[in-house]
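Report on one structure; see the data block that follows.
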Amino acid sequence: MSKNFYITTPIYYPSGKPHMGHAYSSIVADIFARFKRIEGSNVLFLTGTDEHGQKIQKEAQKKNKDPKIFCDELSEKFRSLTKILNLTNNDFIRTTEDRHFKAVNEIWNRLTKSGDIYLDKYSGWYSVSDEAYYDTDEIEEVNGKKISKISGSPVEWVEEESYFFKLSAWQKKLLEYYNSNKEFILPVSRKNEVIKFVEKGLKDLSISRTSFSWGIPVPNNSKHIIYVWLDALTNYLSALNFPDINNDKYKSFWPADVHIIGKDILRFHAIYWPAFLLAANLPLPKRVFGHGWILSDEKKMSKSLGNILDPLEIINKYGIDQLRYYLVKEVSLGNDGSISMENLKNCINNDLANNYGNLCQRVFSFIKKNCNNKIPFSKNLMKNDLNLINNIKKKIPELIKLIDKQNLNEYIKLVVSFSFEANKYFNDSEPWSFKKKDPDRMNAVLFTISEQIKNISILLNPIIPISTKKVLEAMNLNEKDISIDTIKKENVFDNTKELKMLDILFRKIDDDN
Ligand code: MSP
């Protein structure tokens, strides 16, 4: 039986058009989802939009639109982005859906039943753009404006009746959980941040607002709207048909294996979410992975700096595989990383065009010219041929471990090194010199290099699915051959079939384009 694996992206505020940060969270999650599938897991990959709250209500008002109509339009943009980014999400959840409404109501009722909710008055700072409460020591004044020290967003003073969640009561349990589940929060630097914050002591959390109406009303007191983060976090359960905890989806996929999020929303996922779940008496997710920020030319992307790199523009110009590869190769997943057009070009040229692309093209045209366009077979592999082939096979457990720890950069480094080695092997083995004097030796080299191309393509498939599929299809392999198991098998090629035509995989980019 295959193992189940549940992975999620944050659900996005449909308050503006999707940008590189959104694309990044989604592409990263998609790569893990794809890898787990080719490893043989039964994967559920969820993404969607976070549509309630004051921020969305205000944006809709600015546009003079009913919030639901506003969300319908913008949510569609995010849904179409999943296609453009070539995501393999199985579901797309919207928090304005009925299934979500039911799940949030159940969570609220569970928290009420457990005695974790009480009514009081909130007075303090609130940032609408972060939808977050801040303590006084988290606020500073810049140019006469109060902003959050953490996010830099403007804050406003709020005083209103509010329901509170007894977050303070869960401090000890949370610390115990972090301690006994050392990899619940990754990377480790983020875990340490969270632990430090929780150790300082937790205040009860305001979980309802009364000053606007766009959201899910508190059961039995519709004057109050449920805090948008309690609402949004519950999406991970709504997609499993919660509150029906006996249905197959819930039973197969909860607790989630990993929530992929950006570091700015770590507090919500690593503190509030597990506390809500503990109080609701539900199992906790196995991991929260907080990735860093994408910076543009070392600076945070912003409209005023004019340094926003639009994912759609890059995709239209260079291709989606190119963008996917670049983002995860050049940006270290746990840290902030700068991207620029200059680096993007270098990365496409060096890694994709000159290395992997060139390897495939060279080998295929050699086979076409010298072997009737069929991958040859030879029983007489030499030690260095076998070493090359076995090196990838031996590294499979290590590669799986890297992915399971979301160590995507080390994974790519290793796979790219296979590709460099394969190129070097092809040059050093000089198959052309054996054509006349020892055709079997030529065949052995071509068989070995074809094995490498196949295996590298499978390993790169989660990252650059379109190009690797073209390569594998050209070798007469099909969808079901794209699996880690195929790497372990001996000679999977049909030596009687001709290679299919392979167009240029990655066009080199020169300075003018
Ligand atoms: N709606 C909340 C998430 C709720 S999840 C239950 C939210 N939405 S968001 O649209 O503002 O951001 C979604 C994700 O995009 C976050 O993980 C955030 O970190 C990520 N990014 C937004 N800008 C980013 C960069 N410049 N770089 C990398 N990711 C950043 O927060």
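The values are calculated or read from the model by the stated rules, or taken from the named source; none is laboratory data. Computed from a prediction, not measured in an experiment: that's the story for all the values here. Every residue, glycine as well, gets a Cβ built from its backbone with ideal geometry; the counts of neighbours run over all protein chains shown. Please note that ligands, DNA and RNA were not included when accessible areas were found on the heavy atoms of the full protein model with its side chains. Shrake-Rupley method; radii C 1.70, N 1.55, O 1.52, S 1.80 Å.
Of all residues in the stretch 461-479, those that are surrounded by 19 or more Cβ atoms within 10 Å (Cβ to Cβ) and assigned to a loop (DSSP other than H, G, I, E, B) total 6.
Selection over the stretch 209-243 of residues that are without any contact (Cβ under 8 Å) to a residue 60 or more places away in the chain, surrounded by fewer than 21 Cβ atoms within 10 Å (Cβ to Cβ) and under 23 Å from HIS269 (Cα atoms) gives a count of 1.
Highlighted here are the strands (runs of 3 or more DSSP E) found entirely within the stretch 106-220 that include at least 3 residues which are out of contact with any helix residue (DSSP H, G or I) (no Cβ under 8 Å at 6 or more places or on another chain) and more than 16 Å from the ligand (Cβ to nearest atom): 117-127, 139-142, 145-148, 156-165.
Could you check the stretch 358-386 and list, in sequence order, the residues that are in a helix (DSSP H, G or I) and either in contact with an Asp or Glu (Cβ under 7 Å, 6 or more places away or on another chain) or surrounded by fewer than 19 Cβ atoms within 10 Å (Cβ to Cβ) (or both)? Don't jump to the end; show me each part of the working.
Within the stretch 358-386, the subset in a helix (DSSP H, G or I) is 358-370, 383-386.
The answer is ASN358, GLN361, ARG362, SER365, PHE366, LYS368, LYS369, ASN370, LYS383, ASN384, LEU386.
Cβ separations smaller than 6 Å between residues 6+ apart or across chains give the following pairs from the stretch 12-24 residues that are under 20 Å from ASN235 (Cα atoms) to residues that are near the ligand (Cβ under 8 Å from one of its atoms) and assigned to a helix (DSSP H, G or I): TYR12/HIS22. Only one entry of SER189, SER206 meets the criterion of being in contact (Cβ under 8 Å) with a residue 24 or more places away in the chain and either outside the structural domain of GLU106 (by TED's automatic domain parsing) or buried (at least 16 other Cβ atoms within 10 Å of the Cβ) (or both), and that entry is SER206.
Taking THR95, is it free of Cβ contacts under 8 Å to residues at least 24 places away in the same chain and out of contact with any Pro (no Cβ under 9 Å at 6 or more places or on another chain)? Taking the combined requirement at face value, the residue does not satisfy it.
Could you tell me whether any residue of the stretch 377-385 is farther than 15 Å from VAL416 by Cα and within 16 Å of the ligand (Cβ to nearest atom)? Walk me through it before giving the result.
Our first condition is that a residue be farther than 15 Å from VAL416 by Cα; within the stretch 377-385, this holds for 377-385.
The next check asks that each one be within 16 Å of the ligand (Cβ to nearest atom); those that pass are none.
For the stretch 377-385, residues farther than 15 Å from VAL416 by Cα and within 16 Å of the ligand (Cβ to nearest atom): absent.
Counting just the residues of the stretch 14-53 that are closer than 18 Å to LEU312 by Cα and assigned to a loop (DSSP other than H, G, I, E, B), which one comes out least open to solvent (accessible area, probe 1.4 Å)? Don't jump to the end; show me each part of the working.
Just the residues of the stretch 14-53 that are closer than 18 Å to LEU312 by Cα, to begin with: 14-28, 30.
Going one step further and asking which of them are assigned to a loop (DSSP other than H, G, I, E, B), we end up with 14-19.
Details: PRO14: 0, SER15: 33, GLY16: 30, LYS17: 132, PRO18: 18, HIS19: 81 Å².
Among them, the one singled out is PRO14.
For the stretch 30-72, taking the residues that are of a type in the set (Asp, Glu), free of Cβ contacts under 8 Å to residues at least 60 places away in the same chain and more than 16 Å from the ligand (Cβ to nearest atom), the one that is farthest from PRO154 (Cα to Cα) is identified as ASP72. Only one entry of GLU199, GLU183 meets the criterion of being within 30 Å of GLN406 (Cβ to Cβ) and under 24 Å from the mean Cα position of the chain (by Cα), and that entry is GLU183.
Please tell me if TYR24 is under 16 Å from GLU73 (Cα atoms) and of a type in the set (Ser, Thr, Tyr). Here the answer is no, as TYR24 does not meet what is asked.
Meeting the requirement of 1 or more residues that are within 15 Å of the ligand (Cβ to nearest atom) and modelled with pLDDT under 95, the helices (runs of 4 or more DSSP H) wholly within the stretch 229-347 are 311-318, 320-330. Among the residues of the stretch 91-114, just one is open to solvent by 30 Å² or more (accessible area, probe 1.4 Å) and either among the small types (Gly, Ala, Ser) or over 24 Å from LEU277 (Cα atoms) (or both), namely SER114.
Is it the case, given these coordinates, that ASN355 is assigned to a helix (DSSP H, G or I) and out of contact with any strand residue (DSSP E or B) (no Cβ under 6 Å at 6 or more places or on another chain)? Before you say what the answer is, go through the steps one by one.
On the way: assigned to a helix (DSSP H, G or I): yes; out of contact with any strand residue (DSSP E or B) (no Cβ under 6 Å at 6 or more places or on another chain): yes.
Taking the combined requirement at face value, the residue satisfies it.
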